[in-house]
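To start, the structure itself, in structure tokens.
The values are calculated or read from the model by the stated rules, or taken from the named source; none is laboratory data. These numbers were taken from a predicted model, which means no experiment stands behind them. So basically every Cβ, Gly included, is an ideal-geometry build from the backbone, and we count neighbours across all protein chains shown. Heavy atoms of the whole protein, side chains included, go into the accessibility calculation; ligands, DNA and RNA do not. Shrake-Rupley method; radii C 1.70, N 1.55, O 1.52, S 1.80 Å.
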Amino acid sequence: IDRVEIFRAAFGAGCNDTDKLGCAWGSPIRSVNAPTNVNTWNCPDCVTDAPASGIYWYGMHVFDKAQNKTVEPTPPGPRKALVDKQQPTSSIQSPGAGAFQGSNFAVTVADLDTGGSGLNTTQCTYSVLKLVGGAYQSVFSDVSRTCGAVTPLIRTSDQCSSEGINACRVIVKSKDVAGNTNIISQAQNSIRDFSIDLTWPIVDKVSCSDN
């Protein structure tokens with residue numbers, strides 16, 4: 001064996017599951033020389049690539065010392081690979097930022113993955129923090145939730161029991177199948193603070209009039 005050459009073509013019109021006549025293979029993206037005087041060879045480093053997000057076909061050519069060439073057998077033929085480098089998004093939809101809560105409440109979350117690999121439905125989580133002495137303290141972290149749905153109820157009796165403006169913080173996270181995680185920031189609405197008011201109003205004085 002002399003060398004292995006790896007080719008890549010972008011998935012699309014004329015280069016898809018049923019038609020590969022229009023695939024633009026171009027030059028090899030990688031050429032790996034075989035060890036000296038080998039007739040069989042396992043090449044774990046032959047396919048190393050880092051393209052942009054997308055769907056690609058990978059083909060392989062094997063050459064011997066006389067430059068005879070063999071291409072990948074069909075079936076299976078070229079191998080398809082999905083590359084997903086885009087981060088999913090997790091955005092709190094409601095209640096609104098800073099909205100007052102006087103009893104147990106839930107948070108509605110929109111989770112979305114546009115990179116193609118899809119959300120990992122076991123990796124959507126939420127965390128709750130409460131304001132104590134001017135600093136947020138963790139109540140619980142990264143508890144599982146249903147992706148794209150309402151969180152379990154957050155209790156004001158103990159979990160978000162501190163009263164005040166923006167006294168309760170909720171953080172939502174997600175991960176896609178490719179392992180990308182969402183951005184954690186208030187700008188992305190994956191962090192939202194809520195105000196807590198558990199004190200009933202006081203009727204100070206009732207006066208009566210002859211009229």
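Do we find a residue being closer than 30 Å to Ile184 by Cα and surrounded by 10 or more Cβ atoms within 10 Å (Cβ to Cβ) anywhere in region 3-20? Give the steps one after another, and end with the answer.
Let us first name the residues in region 3-20 that are closer than 30 Å to Ile184 by Cα, namely none.
Scanning region 3-20 turns up no residue that is closer than 30 Å to Ile184 by Cα and surrounded by 10 or more Cβ atoms within 10 Å (Cβ to Cβ).
For Arg79, the conditions (1) open to solvent by less than 90 Å² (accessible area, probe 1.4 Å); (2) out of contact with any Asp or Glu (no Cβ under 7 Å at 6 or more places or on another chain); (3) under 30 Å from Ser31 (Cα atoms); (4) not acidic (Asp, Glu) are fulfilled apart from (1). Checking region 197-211 against the condition returns no match, with no residue being of a type outside the set (Phe, Trp, Tyr), part of a strand (DSSP E or B) and at pLDDT 95 or above.
Considering only residues that are without any contact (Cβ under 8 Å) to a residue 24 or more places away in the chain and hydroxyl-bearing (Ser, Thr, Tyr), look in region 174-209 and name the one that is nearest to Gly115 (Cα to Cα). Only one residue tops the list, namely Ser185.
Only one entry of Gly98, Gly118 meets the criterion of being under 12 Å from the mean Cα position of the chain (by Cα), touching a residue at least 40 places away in the same chain (Cβ under 8 Å) and open to solvent by less than 30 Å² (accessible area, probe 1.4 Å), and that entry is Gly118.
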